[in-house]
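As structure tokens, the structure follows; a few thoughts come after it.
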Amino acid sequence: MNPILLQTHHLTKAFKGFTAVSNVNLTVRQGTIHALIGPNGAGKTTCFNLLTKFLEPTSGTILLGGEDITHAKPADIARRGVIRSFQISAVFPHLTVLENVRLGLQRGLGSTYHFWKPERSLRHLHGRAMELLAEVGLETFADEVCVNLSYGRKRALEIATTLAMEPTLMLLDEPTQGMGHEDVDRVTALIKRVAAGRTVLMVEHNMGVVSTIADTITVLQRGAVLAEGSYAEVSANPLVLEAYMGSDVSELEGAH
């Protein structure tokens, strides 16, 4: 069994009497894809916000690599390699695909904000940037201005930029949201490919995506863990089927 990378103990967040996340015990193992699913309002995004320290928990603890990071600052979490997709998803629309990835690579040089440096000083990053673009299937779009990319390819670029920041843990927040079927299939295959040897925690509504790539699924309902296990286990759980109700039940069953 893979070693534990991220763990929460009784993680709780209350807002003026409303408990958005309640006593969540989560264990994410190295080298796996772990999905958080649940109906709207289940607490998935709040959970992500707690893990990346955009919110402070009301109670409970968060451990990364066995170290308590419960009260660390968001910048400290990022420096430890916990990178959330939306943190870098605001791609610069009027820069090229290659230039966007190079900006991600600059972080590792301590030159993230040195925008005054001449462009030629970044040429040594070109090779690594092209490797990352090849990893996400965008090498032929290196010189394309980002504003011209399709939505699915913009999401692929976000993943490349995330990889440029050398994540210990990739947090992907609804990576296929708003995509057509073709883009969903492409990005699902991409996540599976780049996850090899890496650790991914993702929030995803599309059960077809989750059933294809997730090693472990945690189902949240009203901020609490309802079920956890493989897709086969959680999709057969009567409590999970009841939580989804209606059309989502058929979606769960149809993704087998």
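So the values come out like this:
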item	result
Pairs where the first residue, in the stretch 214-230, is more than 11 Å from P39 (Cα to Cα) and the second is among the aromatic types (F, W, Y), C-beta under 7 Å, 6+ apart	A214/Y231; I217/Y231
The one condition in (1) within 17 Å of G81 (Cβ to Cβ); (2) modelled with pLDDT under 95; (3) crowded, with 22+ Cβ neighbours inside 10 Å that K53 fails to fulfil	(3)
Segments classed as strands (runs of 3 or more DSSP E), wholly inside the stretch 1-66, with at least 3 members that are more than 19 Å from A195 (Cα to Cα) and touching a residue at least 60 places away in the same chain (Cβ under 8 Å)	18-29
Filter result (of a type outside the set (G, A, S), assigned to a loop (DSSP other than H, G, I, E, B) and surrounded by fewer than 16 Cβ atoms within 10 Å (Cβ to Cβ)) within the stretch 149-167	E166
The stretch 192-220: number of residues that are more than 19 Å from F48 (Cα to Cα) and either open to solvent by 20 Å² or more (accessible area, probe 1.4 Å) or in contact with a Lys or Arg (Cβ under 9 Å, 6 or more places away or on another chain) (or both)	8
Pairs where the first residue, in the stretch 183-205, is on the phi < 0 side of the Ramachandran plot and the second is hydroxyl-bearing (S, T, Y) and modelled with pLDDT of 90 or more, C-beta under 6 Å, 6+ apart	T188/T212
Residue match in the stretch 87-97 (condition: among the small types (G, A, S), open to solvent by 10 Å² or more (accessible area, probe 1.4 Å), farther than 30 Å from A134 by Cα and assigned to a loop (DSSP other than H, G, I, E, B))	no
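Matching residues to (1) open to solvent by 40 Å² or more (accessible area, probe 1.4 Å); (2) farther than 25 Å from D215 by Cα:
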position	(1), (2)
I37	no, no
T45	yes, no
I62	no, no
G65	yes, no
H71	yes, yes
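Residue-wise test of (1) assigned to a loop (DSSP other than H, G, I, E, B); (2) among the aliphatic types (A, V, I, L, M).
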site: M179; (1), (2): yes, yes
site: E182; (1), (2): no, no
site: R198; (1), (2): yes, no
site: M202; (1), (2): no, yes
site: V209; (1), (2): no, yes
site: I217; (1), (2): no, yes
site: E228; (1), (2): no, no
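The values are calculated or read from the model by the stated rules, or taken from the named source; none is laboratory data. This one's a predicted model, so the numbers in the text were calculated from it and none came from an experiment. Counting neighbours? That spans all protein chains shown, and the Cβs are built from the backbone with ideal geometry, glycine included. SASA here: full protein model, heavy atoms, side chains in, ligands and nucleic acids out. Shrake-Rupley method; radii C 1.70, N 1.55, O 1.52, S 1.80 Å.
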